[in-house]
Amino acid sequence: MEEKVIGETTMYVEMRHIMKTFDGFQASNDVSFGIERGCLAALLGPSGSGKTTILRMIAGLDRPDSGDILINEARVNELPGSKRGIGFVFQNYALFRYMTVADNIAFGLEVQKKSKAEIKSRVEELLELISMQDLGKRYPHQLSGGQRQRVAFARALAPNPQLLLLDEPFAAIDAKVRRELRTWLREMIERVGVTSIFVTHDQEEAMEVADLVIVTNQGRVEQMGTPDDICMHPETEFVAEFIDTVRFEALRAVKGKTQ
Amino acid sequence: MSEKKKQRMYNQDVSGDGIHSIQKVIEPPRESSRPVIKYMLIGVSVLFLFVMLILPLIVVVVNALGDGWAAYQEAVLDEYTVKALMLTLLATVTAVAVNTIFGIFSAYLLSKFYFRGRQVLASLIDIPFSISPVIAGLVFILTFGNIGWMGDFLKAHDIKIVFAVPGVVLATIFVTFPFVFRELFPVLNAQGKDEEEAAALMGAGGFTIFRRITFPHIKWALLYGVILCTARAMGEFGAVSVISGHLRGKTNTLPLHVEILYNEFNTTAAFAVSSILVLLAVLILIARNLVEWKKK
């Protein structure tokens with residue numbers, strides 16, 4: 001995708017009045033929001049709130065019934081996902097189980113018919129980025145959950161996407177490693193400088209990692225803003241309740257430590 | 001909850017722990033505390049297998065060679081036997097080829113796409129399992145025969161199906177229809193759609209996705225289905241018997257040829273021809289075990 005020098009206020013991804021139903025179930029109800037270039041945004045909401053549907057529609061895996069999806073100021077509703085310049089990290093990573101780590105990362109480049117040398121150097125570069133230089137010949141089932149996530153991340157980044165989408169990136173990882181991985185992912189995304197959107201149902205995760213939080217509930221956007229904004233000034237009862245729970249949990253955690 | 005959502009949740013669950021959920025390791029059975037029962041059960045099983053399987057096989061071989069090697073050779077190399085073998089091989093190869101292609105397509109369709117009537121389609125594919133082969137043969141006669149629905153049309157275009165080779169092939173295809181599908185469907189279903197979606201998002205085309213993502217996943221199941229399908233196709237008697245018309249040297253398959261020889265009191269020849277089928281069956285059994293062993 002062509003790089004444009006644009007003002008800071010221009011949205012890189014924009015959803016305009018998106019409606020979507022699955023078999024009578026309202027997954028998106030007039031969803032509108034915009035995300036700036038370079039931003040790391042979280043779609044936060046309870047399960048069934050329609051956050052994954054939004055992500056899948058941006059990726060082109062699902063189509064909205066009505067409304068416009070804009071990426072880099074162009075309407076992409078009719079554009080197949082592979083032409084939208086995105087990288088996608090699936091909830092269970094969806095690594096190709098019959099390919100090695102290196103082949104997984106190389107796949108997107110091979111499909112684009114890049115030269116062998118180019119693919120090789122890019123794969124090495126990414127393996128280094130995720131600190132798995134020696135594990136390129138392993139198969140996905142020989143890796144730990146955290147390693148799999150790193151591979152999925154590298155694979156999504158390999159073709160240099162302008163937009164990275166992550167579906168519940170930490171859900172399949174046990175709690176101990178999760179915090180570590182969060183910091184890691186945040187750092188990586190900052191280093192690569194790619195606009196990113198991730199889906200989560202974990203309030204704490206969204207508040208800690210994201211620059212911008214979009215709270216969804218029953219197919220609607222309840223509120224969007226910086227983590228501070230949402231914590232300090234919840235606009236709806238739902239958001240207030242949601243955030244309160246976090247505070248309560250945090251409080252309990254602190255108390256648990258001091259006692 | 002809607003079918004679609006249920007399926008999606010199921011897919012997520014299964015693909016969650018990767019490869020292990022699909023190729024479950026069968027644990028060795030725990031030793032029973034009462035060896036008497038164990039040995040008794042072994043005894044019963046062995047006895048049953050001997051009477052039902054081993055003994056008949058021995059009888060086939062002994063009777064086939066009963067009149068000496070020369071008589072055996074003569075029966076096996078008989079013109080009609082060779083023609084019957086050729087027809088059996090033709091019907092088998094065609095049926096396996098057709099059902100493999102159909103099985104891959106249908107299993108892919110039913111496991112990766114969700115649409116109304118999906119369940120109905122899946123049950124329809126199983127019809128040959130539940131229907132008697134003789135009925136299947138009759139159905140073809142009533143459809144394609146002179147008195148059948150398409151009889152006039154076929155006659156006008158000079159196409160012979162009933163009492164001809166195409167009928168034999170069609171009947172064989174019908175009877176072995178579900179084998180490949182049945183082997184592939186659960187494997188594809190358990191794989192989920194994520195890997196294919198991931199590949200598609202990277203710009204891979206349909207054929208590349210099939211070759212690099214789907215096929216490596218299903219290849220053993222596919223081979224296994226093909227082997228089962230082959231075994232069934234070669235041994236098919238009922239449906240073929242009804243539709244072939246028993247024209248010696250024209251529409252006789254090996255199993256039909258065996259029956260004719262037996263009815264003519266030509267016992268040695270009947271058993272000699274049977275031994276060809278037994279040999280083919282043993283070869284298939286070996287292939288099957290090799291595949292099972294490789295799968296692990």
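Listing for the model above:
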{"read-out": "Residue match in region A:146-153 (condition: at the interface with chain B (Cβ under 9 Å from one of its Cβ atoms) and out of contact with any helix residue (DSSP H, G or I) (no Cβ under 7 Å at 6 or more places or on another chain))", "value": "yes"}
{"read-out": "Residues within region A:16-35 that are in contact (Cβ under 8 Å) with a residue 40 or more places away in the chain and within 23 Å of A:Asp228 (Cα to Cα), tallied", "value": "4"}
{"read-out": "Hey, B:Ile218 assigned to a helix (DSSP H, G or I), in contact (Cβ under 8 Å) with a residue 24 or more places away in the chain, in contact with a helix residue (DSSP H, G or I) (Cβ under 6 Å, 6 or more places away or on another chain) and buried (at least 16 other Cβ atoms within 10 Å of the Cβ) or not", "value": "yes"}
{"read-out": "Checking B:Thr176 against (1) surrounded by fewer than 22 Cβ atoms within 10 Å (Cβ to Cβ); (2) touching a Leu at 6+ places or on another chain (Cβ under 9 Å); (3) more than 14 Å from chain A (Cβ to nearest Cβ); (4) at pLDDT 90 or above, the condition it does not meet", "value": "(1)"}
{"read-out": "Flag if B:Ala231 is within 14 Å of another protein chain (Cβ to nearest Cβ), within 15 Å of the chain's Cα centre (by Cα) and within 14 Å of B:Val180 (Cβ to Cβ)", "value": "no"}
{"read-out": "Helices (runs of 4 or more DSSP H) within region B:1-100 that include 2 or more residues polar (S, T, N, Q) and either at pLDDT below 90 or within 30 Å of A:Asp23 (Cβ to Cβ) (or both)", "value": "B:3-16"}
{"read-out": "One residue from A:Gly50, A:Gly38 being surrounded by fewer than 22 Cβ atoms within 10 Å (Cβ to Cβ) and of a type outside the set (A, V, I, L, M)", "value": "A:Gly38"}
{"read-out": "Residue list for region B:203-213, restricted to those being within 26 Å of the chain's Cα centre (by Cα) and at the interface with chain A (Cβ under 10 Å from one of its Cβ atoms)", "value": "B:Ile213"}
{"read-out": "Which listed residue is more than 13 Å from the chain's Cα centre (by Cα) and not in a strand (DSSP E or B), from A:Arg191, A:Arg186, A:Arg182", "value": "A:Arg191"}
{"read-out": "Members of region A:154-164 that are at the interface with chain B (Cβ under 9 Å from one of its Cβ atoms) and either in contact with a helix residue (DSSP H, G or I) (Cβ under 6 Å, 6 or more places away or on another chain) or aromatic (Phe, Trp, Tyr) (or both)", "value": "A:Arg155, A:Ala158, A:Pro159"}
{"read-out": "For A:Ser121: the one exception among (1) within 30 Å of A:Ile18 (Cβ to Cβ); (2) away from every other protein chain (no Cβ under 14 Å); (3) among the polar types (S, T, N, Q)", "value": "(1)"}
{"read-out": "Subset tally (residues that are free of Cβ contacts under 8 Å to residues at least 24 places away in the same chain and under 22 Å from the mean Cα position of the chain (by Cα)) for region B:136-160", "value": "1"}
{"read-out": "Answer residue from region A:99-115, given it is free of Cβ contacts under 8 Å to residues at least 40 places away in the same chain and touching a helix residue (DSSP H, G or I) at 6+ places or on another chain (Cβ under 9 Å) and is farthest from the other protein chains (Cβ to nearest Cβ) among those", "value": "A:Ala102"}
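This table checks each residue for (1) surrounded by fewer than 20 Cβ atoms within 10 Å (Cβ to Cβ); (2) within 22 Å of B:Phe140 (Cα to Cα); (3) without any contact (Cβ under 8 Å) to a residue 40 or more places away in the chain; (4) not assigned by TED's automatic domain parsing to the domain that holds B:Ala164.
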| residue | (1), (2), (3), (4) |
| --- | --- |
| B:Arg211 | yes, no, yes, no |
| B:Val226 | no, no, no, no |
| B:Phe237 | yes, yes, no, no |
| B:Leu254 | no, yes, no, no |
| B:Ser274 | no, no, no, no |
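The values are calculated or read from the model by the stated rules, or taken from the named source; none is laboratory data. Computed from a prediction, not measured in an experiment: that's the story for all the values here. Glycine gets a Cβ as well: all are built from the backbone with ideal geometry, and neighbour counts include every protein chain shown.
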